[in-house]
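What follows is one structure encoded as structure tokens, with my remarks underneath.
The values are calculated or read from the model by the stated rules, or taken from the named source; none is laboratory data. Because the structure is predicted, anything quoted here is derived from the model rather than measured. Neighbour counts run over all protein chains shown; Cβ positions are idealised from the backbone, glycine included. In case anyone asks, the SASA skips ligands and DNA or RNA and just uses the protein heavy atoms, side chains included. Shrake-Rupley method; radii C 1.70, N 1.55, O 1.52, S 1.80 Å.
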There are 2 protein chains.
Amino acid sequence: MIAGIELGGGKTVVAIGTATGLVQEEWRFPTTTPAETFGRALQWFAERGTPEAIGVAAFGPIGIVPGRPEYGKVIATPKPGWKDFSITGAIAEVFPAAKVTLDTDVNAAVLAEARLGAGQGVDDLAYITIGTGIGAGILSGGHLIHGALHPEFGHIKVPRCPGDEYPGICSFHKDCLEGLASGPSIAARWGQPAAELPRDHAAWDTEAWYLAHGVLSLLGVVSSARVIIGGGVSQAEGFHEKTERILKEIAAGYFVPLSASPYVVPPLLEQQAGIVGALLLTGI
Amino acid sequence: MIAGIELGGGKTVVAIGTATGLVQEEWRFPTTTPAETFGRALQWFAERGTPEAIGVAAFGPIGIVPGRPEYGKVIATPKPGWKDFSITGAIAEVFPAAKVTLDTDVNAAVLAEARLGAGQGVDDLAYITIGTGIGAGILSGGHLIHGALHPEFGHIKVPRCPGDEYPGICSFHKDCLEGLASGPSIAARWGQPAAELPRDHAAWDTEAWYLAHGVLSLLGVVSSARVIIGGGVSQAEGFHEKTERILKEIAAGYFVPLSASPYVVPPLLEQQAGIVGALLLTGI
């Protein structure tokens, strides 16, 4: 039995399926306290058997590098009770023999999109999500990038969009990429949430401008062949095309991978990417 | 017999040695035309035997991903005669049986520093060089990052240093990182070359500010455990410490890998990194 857990800030998804990403049965429920959330997830598995492998796709920051002291733990989060909670520890108590593979939600998503979605066959792929925050999962030469922790992409700095004087909403940096382009920053800057802004609103030019600069930084570091942008904020019609247009303008003929078209694309798996990726993690 | 070639814009270095990076004999000569440069290099090897493996560390942009149409070739360069020259083709004509491993000069340098220099034992290491241009080589989880081409790091965009109104010198982008912080941009902005600027000159604050923002972008994408900054411009006393100080200020408590100290360090191998890396490439 192969199992997957997608631990999101708002909801948790559990599934049993295959290491090739096929979901055979799944259940979604709200994320509450660590004890209650993992209690429900592991009980649901136990009712169905004993998993030999469990893939976990979790919100970050989280320790995903085996051997480091923070491995398996939620590192810092505004969610009460979660800081220092050991995900791998909670699983080992109930299923001590299960092989657990833990990664970030965005790494799980890029893996799922590379195997079964908008990046099929692409070994150098990035997945950027824009929602409450901004995150990135990266596949490089077929390997998921971890580094010393994992990418903390949302907090890089990009130039100011000309004319934009909004101070930024990040509680650490004010005007990092996330502070200038996350869902909450859009809502605070324009006085209404992204989902309610008409597609011809100036907000989308500003948003695409910031994302294009974020993609340029990513491209300059890992030379991705394709970039998927997902998450609630990215769903406005024409957003991916607009971002790609600005990206190619600012690249000005440089950055060889940009000769691909389309380069900036929406995800195919949408809500399923996290849990499909969690199952796929058991096979890597 | 193991051979290495470091092809630089100004000089070429050839060596015979071991796949563990030991140089047994080397020769340096100016890089001229492709035919003359490779003629001399391969003749020098032939006088010593027949290499079974040749590692090549070359200036970019260059095709380093096997299987792609541009593999082995210099892609675009201001150096006359080099565009479209096939490095792997030139070697195969003389030593058809040799196993050739080609990578960028900066990837060779990061590999050399990881094995024998300032990043020994660090599997997530970056090497940034500041000279005529700005480039980066990256080791991630022990793998050299290639992506669809290779990192073209110098051309990312970073915010303007407050008060700096210099337009930037990059012929593609004007004010990309390279356009604002390369050796030629320093010389043009301050009226004298970096090597002649005193260590308390304001130029170094501006320079460290831009590099700190470049490192932040790199860190946000690959979560490096340590960053080496080398190249002629980086040799001013105190430059690495100043860059690290600004980096930690703008990170504002975020970016977990920055808890390491020192985080931004000079190279140990200096002029030897390229050729040692070229030899090491034969062993990966």
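Taking every Cα-Cα distance in chain A and sorting them into 10 Å bins from zero, the calculated P(r) comes out as 7, 30, 34, 21, 7, 1 percent. Along the axis of the charge dipole computed for the stretch A:121-267 (Cβ charges of +1 for Lys and Arg, -1 for Asp and Glu, origin at the Cα centre), the listed residues A:197, A:233, A:170 are led at the positive end by A:170.
What shape does the stretch B:1-158 take by its C-alpha gyration tensor, where a ≥ b ≥ c are the square roots of the eigenvalues and a/c under 1.5 counts as rounded, a/b above b/c as prolate, and the rest as oblate? Oblate shape, in that a/c is at least 1.5 and b/c is the bigger or equal ratio.
Ranked from shortest, the separations from the 7 Å Cα-to-Cβ label point of residue B:167 to its equivalents in the other copies are 3.5 nm.
Net charge in the neighbourhood of residue A:142 (other residues with Cβ under 11 Å of its Cβ; Lys, Arg +1, Asp, Glu -1) is -1.
Considering only beta bridges that DSSP places wholly inside chain A, some 55 percent are antiparallel.
Looking at the protein assembly as shown alone, DSSP beta bridges between its own residues are antiparallel in about 55 percent of cases. Distance distribution P(r), the protein assembly as shown, all Cα-Cα pairs, bin width 10 angstrom from 0: 4, 18, 27, 26, 17, 8, 2, 0 percent.
Highest mean first, the peptides A:84-95, A:101-112, B:241-252, B:120-131 sorted by other C-beta atoms within 10 Å per residue fall in the order A:101-112, B:120-131, B:241-252, A:84-95. Pairwise inverse Cα distances across the stretch B:206-284, averaged and inverted, put the Kirkwood hydrodynamic radius at 13.5 Å. The A-B contact accounts for approximately 3300 Å² of buried accessible area, totalled over both chains at a 1.4 Å probe radius. Computed with every protein chain present, the accessible area of residue B:73 is close to 70 Å² [probe 1.4 Å]. Here is how far apart the residue B:19 label points are across copies: 2.9 nm, shortest first, using a point 7 Å from Cα toward Cβ.
Each residue was assigned an accessible area with a 1.4 Å probe, and for residue B:27 the value is about 80 Å². Over what distance in Å are the Cα centres of the stretch B:57-97 and the stretch B:112-189 separated? Spelled out, the Cα-based centre of one part sits 22 Å from the other. For residue A:206, neighbours were defined as the other residues whose beta-carbon sits under 9 Å from its Cβ, and their charges (Lys and Arg +1, Asp and Glu -1) total -2.
Residue ranking by accessible heavy-atom surface, 1.4 Å probe, largest first, among B:205, B:200 comes out as B:200, B:205.
Pairs of lysine residues in chain B that meet both criteria, 8 or more places apart or on different chains and Cα atoms under 23 Å apart, total 10.
Every helix of 4 or more DSSP H residues in chain A counts as -39500 (n - 2.57), and over all residues that averages to -9500 deg cm²/dmol at 222 nm.
When DSSP beta bridges are restricted to pairs lying wholly in the stretch B:121-267, around 55% turn out antiparallel. Taking the three principal axes of the alpha carbon atoms in the stretch A:128-284, the coordinate ranges are 45, 35, 31 Å, sorted in descending order.
Computed over protein heavy atoms with a 1.4 Å probe, the carbon and sulfur contribution to the accessible area of the protein assembly as shown reaches 54%.
Shielding value for A:169-176 is 3, the average number of Cβ atoms from other chains within 10 Å of each residue's Cβ. Compute the whole-percent fraction of alpha carbon pairs in the stretch B:86-145 spaced more than 13 Å apart. Value for the stretch B:86-145 (Cα pairs over 13 Å): 64 percent. Backbone phi angles across the stretch B:213-225, fed through the Karplus curve with coefficients 6.51, -1.76 and 1.60 (θ = phi - 60°), yield HN-Hα couplings of 5, x, 4, 4, 5, 4, 4, x, 9, 10, 6, 4, 7 Hz in residue order; Gly and Pro are listed as x.
Averaged over the residues of A:65-74, the number of partner chain Cβ atoms lying within 10 Å of the residue Cβ comes to 1.
Estimated from the Cβ-Cβ distance and a Förster radius of 35 angstrom, the FRET efficiency linking residue B:18 and residue B:70 is about 0.70. For the stretch A:121-267, the solvent-accessible area with a 1.4 angstrom probe is 34 square angstrom per residue.
Largest accessible area first, the listed residues B:268, B:116 line up as B:268, B:116 when surface is computed with a 1.4 Å probe on the assembled protein chains.
Multiply the residue separation of residue B:172 and residue B:200 by 0.36 nm, subtract the distance between their alpha-carbon atoms, and state the gained length in nm to one decimal. Value of the extension gain: 7.0 nm. For residue B:143, the point set 7 Å out from Cα toward Cβ sits 0.6 nm from its twins in the other copies, listed from shortest up. In the stretch A:252-284, burial by the other protein chains removes 10 Å² or more of accessible area from A:252, A:254, A:255, A:256, A:257, compared with the chain on its own (1.4 Å probe, ligands and nucleic acids ignored). Along the charge dipole of the protein assembly as shown, pointing to its positive end and built from +1/-1 on Cβ of Lys, Arg, Asp and Glu, which listed residue (A:266, B:8, A:121) has its Cα farthest out? Working it through, the farthest residue towards the positive pole turns out to be A:121. Each label point was placed 7 Å from the Cα along the Cα-to-Cβ direction; for residue B:252 and residue A:29 their separation is 3.8 nm.
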